[in-house]
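Enquirer: I'd like to ask some things about the structure below.
Read the figures in this text as sums done on the coordinates, not as results from a lab. Fair warning: this is a prediction, and the values are worked out from it, not measured in the lab. Cβ sites come from the backbone with ideal geometry, for glycine too, and all protein chains shown count toward neighbours.
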Amino acid sequence: MKTLLVITVIVMAYLLASDEAHAGTLEAEKTCIATAIYHEARGESLLGQIAVANVIVNRMKSQWFPSTACGVVYQRKQFSWTLFPSKLVPVADFRNAHIMKIAELAMLGRLIDYTSGATHYHTTAVKPYWKHTKTYTVTIGNHIFYRWK
């Protein structure tokens, strides 16, 4: 009986530690999405900010991108603002309710995908070389969204 009690305590400690680790991972992933929303779409409407989160989530679901939010956001040469770390605004400086809520809903899979599965986008001010290799889905604010053909 004493052995069973010891095993139960060990299992409970493991499960509690796993939940804490999961909560920490979820918070880190949420922060990565929020940072991307801020740097990519802070001047956009709420819909435009949700659309940026949609792209991150769609990339996480794609076999062609990392499966985590931080992996997607910080994948080499995907988001131009990540190329200049000294210019990044710390999350504490922009942590506001609506950006964090969008990021949280994205991590929970509760956002409506207004981009129709887009995995790429660019501003209306540029014409990237890759735009003809993708299928246009929607324009929201100053961003044009695409998905794989």
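Enquirer: Can you compute the modelled spin-label distance between Thr82 and Tyr114, with each label point 7 Å from Cα toward Cβ, in nm?
Expert: Each label point lies 7 Å from its Cα, and together they span 2.3 nm.
Enquirer: Related question: How high is the relative contact order of segment 25-149, in percent, counting Cα pairs under 8 Å that sit 6 or more residues apart? Let's see the in-between values first.
Expert: On the way: 171 pairs, mean separation 35.5, N = 125.
Relative contact order of segment 25-149: 28 percent.
Enquirer: As a quick test, which of the pairs Lys101/Lys131; Lys61/Lys127; Lys30/Lys134; Lys30/Lys101; Lys30/Lys61; Lys61/Lys131 have an alpha carbon distance above 19 angstrom in this structure?
Expert: Values: Lys101/Lys131 30 Å; Lys61/Lys127 26 Å; Lys30/Lys134 28 Å; Lys30/Lys101 9 Å; Lys30/Lys61 16 Å; Lys61/Lys131 21 Å.
Lys101/Lys131; Lys61/Lys127; Lys30/Lys134; Lys61/Lys131, as the Cα separations exceed 19 Å there.
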